[in-house]
Amino acid sequence: MIHLTRRRLLQLGLALPLPMVLAACDDQPGPGPSAGPATTQGPATTAAASGGTLAPTPACDDGDDPTPAQTEGPYFTPNSPQRASLVEAGMGGRRLVVAGTVLTTGCRPVGRALLDFWQADDAGQYDNQGYRLRGHQFSDADGGWRLETIVPGLYTGRTRHIHVMVQAPDGPVLTTQLYFPGEPENDRDGIFSPELLLSDVRDTAGTRRGSFTFVLEG
Ligand SMILES: [Fe+2]
């Protein structure tokens, strides 16, 4: 059975009826039904409040697990340019906008966190000579970040993914990967982790959108 953190279950469960969400959380450690980080807990808070029998939902769950690390892989290039958009003229592939927040496990926003993204193009190729589809940015004072890019293509042996390093100021580097829900290859990729799935993925006006909350030790 695949282990999911309570935060992840809540993120996945926002579209489920509240009893199903709570049932899914019953076997998880922690102080009972509560929402995840502030950026993801809105609908759950509303549902809990309307239930009338639950304790007030905390603004933040201090017991959240940090975002798990994953292998860097062979294609990281240091010193990427600072840019929030990796899209260049003539670049193929569906546009993708991913936005989110960097939080500590204590639910504090991490401002000026470094986020360095790299990914394959729509044909599954990495640019290992230059910096195409590579770039870093810093979170804002609220821990917010936003990446404009394209949906990465598949390459042999891997499901669809985006690589990222995240580092709080003077903190350790978290190296991990982000994944897309509903991908047939997810179940065949030994590196894939459901805890690293983008949330709230939808297609609007030709652009795919999603979100992710990084949780760093601290
Ligand atoms: Fe990769």
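Bear in mind these aren't lab numbers, they're just calculated from the coordinates by the rules spelled out. Keep in mind the model is a prediction, meaning the values are calculated, not measured. Here the Cβ positions follow ideal geometry from the backbone for every residue, glycine too, while neighbour counts run over all protein chains shown.
The calculated FRET efficiency for Asp127 paired with Ala99, based on their beta-carbon distance and R0 = 35 Å, is about 0.90. Dividing the convex hull volume of the alpha carbon atoms of segment 86-207 by its residue count gives 129 Å³ per residue. So, R0 is 22 Å and r is the distance between the beta-carbons of Val173 and Asp203; what FRET efficiency does that work out to, to 0.05? E between Val173 and Asp203, to the nearest 0.05, is 0.10.
Applying D = kT/(6 pi eta Rh) to segment 139-218, where Rh is the Kirkwood radius over alpha-carbon pairs, T corresponds to 10 °C and eta to 1.306 mPa s, the Stokes-Einstein value obtained is 113 µm²/s. In this label model, Ala84 and Arg146 are separated by 0.5 nm, measuring between points 7 Å along each Cα→Cβ vector.
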